[in-house]
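Written below as structure tokens is the structure these notes are about.
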Amino acid sequence: MIRFDYEEPRTLAEASAVLKAHAGRASVLAGGTDLLVEIKEHLRRVHCVVNIKRIPGLDAVTFDAATGLRFGALTTARRIELDADVARHHPGLRQATRELGSIQVRHRATVVGNVCRASPSADTLPPLIADGAVIEIGNGTSTREMLLEDFFTGPGKTALQPGELVLAIRLPPAPARTGRIYIKHGRRRAMELATVGVAVSITLDEARICTKARIALGAVAATPIRARDSEAALEGRVVDATIIAHAADLAMAASRPISNVRASAAYRREMVSVLTRRALEQALATIP
Ligand SMILES: Cc1cc2nc3c(=O)[nH]c(=O)nc-3n(C[C@H](O)[C@H](O)[C@H](O)COP(=O)(O)OP(=O)(O)OC[C@H]3O[C@@H](n4cnc5c(N)ncnc54)[C@H](O)[C@@H]3O)c2cc1C
């Protein structure tokens, strides 16, 4: 029998107070698809589980053409997968949620839980980073926000301080003529963690010169990373096959994968190049 305290706070201030009181030994419970598995398999020891589902307002999803998309901490992957604004403006994120686990998992799992688990292979992280996501953090009395790409400090580690929890994620509106893609590569088509994940967000002007490129890679370093040299190689250029091949090689050079049961480091590096090229080609093909 694994014993732990269990709390169901009704407000953010209560939740934060419980988290603080247990000084790093309390865990937030959202969908529980990571947390409960980790507790059951003795991968995580907790003194207290803090279920945040009774806190009102954390499941809100809003979209505004001027400010973009905002979804709360209790928004499930399934909700994001089915959202029309997500499909239109963040197709990479939609694809990531479509491929996350099974439909049963997606009905429980939250996107913010996927983010806070901070697994390098988590599917939603590359498209959220490529789309410029901002994470909102609260401690019951004050809030702060940061770019999602700065939130991860190591495998399973985040910038959250004791007493803090994530309130929401915001995505700025996409500029016109932007193509967005997420490609997940795994050994099977379903119920598989990513061996490599590549998300691209690329914007062209009317002359098809790249005005902005964001490439985010998953499962090839201790945290999700941006391929900044690839982005710089694309920006300011008419994107042709030569530039795409160069950007793909630069992405491969940026990756620092490990070998594990799912793939060798060498295979992962090679796949970063293949998938970056493919993702760029597919994203560009969506821009008229
Ligand atoms: C069968 C199965 C298949 C899966 N397949 C995939 C897959 O293909 N791709 C993939 O990426 N993942 C996969 N997962 C992992 C999992 O479903 C996701 O990571 C999920 O999105 C986590 O969300 P949750 O709401 O269940 O989080 P929880 O398990 O409730 O929490 C996860 C972590 O985040 C913390 N947390 C949650 N919410 C907050 C918050 N608001 N503030 C601070 N901390 C918070 C928790 O304390 C915990 O540490 C799979 C899991 C299972 C069981």
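The values are calculated or read from the model by the stated rules, or taken from the named source; none is laboratory data. Every value quoted in this text rests on a predicted model; they were computed, and no experiment measured them. Don't worry about glycine lacking a Cβ; one is built from the backbone with ideal geometry, like all the others, and counts go over all protein chains shown.
Could we say that residue 197 is touching a residue at least 12 places away in the same chain (Cβ under 8 Å), touching a Ser or Thr at 6+ places or on another chain (Cβ under 8 Å), surrounded by fewer than 20 Cβ atoms within 10 Å (Cβ to Cβ) and in the same structural domain as residue 273 (by TED's automatic domain parsing) here?
It is false that residue 197 is touching a residue at least 12 places away in the same chain (Cβ under 8 Å), touching a Ser or Thr at 6+ places or on another chain (Cβ under 8 Å), surrounded by fewer than 20 Cβ atoms within 10 Å (Cβ to Cβ) and in the same structural domain as residue 273 (by TED's automatic domain parsing).
What pairs come out if I take residues in segment 163-176 that are more than 14 Å from residue 124 (Cβ to Cβ) and pair them with residues that are of a type in the set (Lys, Arg) and buried (at least 20 other Cβ atoms within 10 Å of the Cβ) whose C-beta lies under 9 Å away, six or more apart or interchain?
Pairs found: 174/180.
Among (1) in a loop (DSSP other than H, G, I, E, B); (2) modelled with pLDDT of 95 or more; (3) of a type in the set (Lys, Arg), where does residue 212 come up short?
Failed condition: (1).
Say whether the condition of being under 19 Å from residue 193 (Cα atoms) and either of a type in the set (Lys, Arg) or within 11 Å of the ligand (Cβ to nearest atom) (or both) is met by at least one residue in segment 133-145.
no
Residues being in a loop (DSSP other than H, G, I, E, B) and either in contact (Cβ under 8 Å) with a residue 24 or more places away in the chain or not assigned by TED's automatic domain parsing to the domain that holds residue 215 (or both): count how many of those fall in segment 251-277.
4
State yes or no: is residue 156 at pLDDT 95 or above, surrounded by fewer than 24 Cβ atoms within 10 Å (Cβ to Cβ) and under 14 Å from the mean Cα position of the chain (by Cα)?
For residue 156, the condition - at pLDDT 95 or above, surrounded by fewer than 24 Cβ atoms within 10 Å (Cβ to Cβ) and under 14 Å from the mean Cα position of the chain (by Cα) - is met.
Checking residue 59 against (1) outside any loop (DSSP other than H, G, I, E, B); (2) over 15 Å from the mean Cα position of the chain (by Cα); (3) of a type in the set (D, E, K, R), only one condition comes out false. Which one?
All conditions pass for residue 59, except number (1).
Return the residues of segment 96-113 that are part of a helix (DSSP H, G or I), touching a helix residue (DSSP H, G or I) at 6+ places or on another chain (Cβ under 7 Å) and under 27 Å from residue 153 (Cα atoms); say none if nothing qualifies.
Scanning segment 96-113 gives 96, 97, 98, 106, 111.
So if I check each of 44, 78, which one is in a helix (DSSP H, G or I) and either closer than 18 Å to residue 116 by Cα or more than 9 Å from the ligand (Cβ to nearest atom) (or both)?
78
Inside segment 19-41, can you point out the residues that are surrounded by fewer than 16 Cβ atoms within 10 Å (Cβ to Cβ) and either within 8 Å of the ligand (Cβ to nearest atom) or under 26 Å from residue 78 (Cα atoms) (or both)?
Result: 36, 37, 40, 41.
Does residue 60 meet the test of being at pLDDT 95 or above and among the hydrophobic types (A, V, I, L, M, F, W, C)?
Criteria met by residue 60.
Quick test for you: out of 204, 280, 217, 234, pick the one residue that is within 16 Å of the ligand (Cβ to nearest atom) and out of contact with any His (no Cβ under 8 Å at 6 or more places or on another chain).
After ruling out the rest, the residue left standing is 217.
How about segment 114-128: which of its residues are more than 7 Å from the ligand (Cβ to nearest atom) and outside any loop (DSSP other than H, G, I, E, B)?
If the condition is that a residue be more than 7 Å from the ligand (Cβ to nearest atom) and outside any loop (DSSP other than H, G, I, E, B), then 115, 125, 126, 127, 128 are the ones that fit.
Which of (1) near the ligand (Cβ under 9 Å from one of its atoms); (2) farther than 21 Å from residue 10 by Cβ does residue 49 not meet, given it meets every other one?
(2)
Out of 268, 187, report the one residue that is at pLDDT below 95, surrounded by fewer than 22 Cβ atoms within 10 Å (Cβ to Cβ), under 21 Å from the mean Cα position of the chain (by Cα) and not aliphatic (A, V, I, L, M).
Of 268, 187, the one residue that is at pLDDT below 95, surrounded by fewer than 22 Cβ atoms within 10 Å (Cβ to Cβ), under 21 Å from the mean Cα position of the chain (by Cα) and not aliphatic (A, V, I, L, M) is 187.
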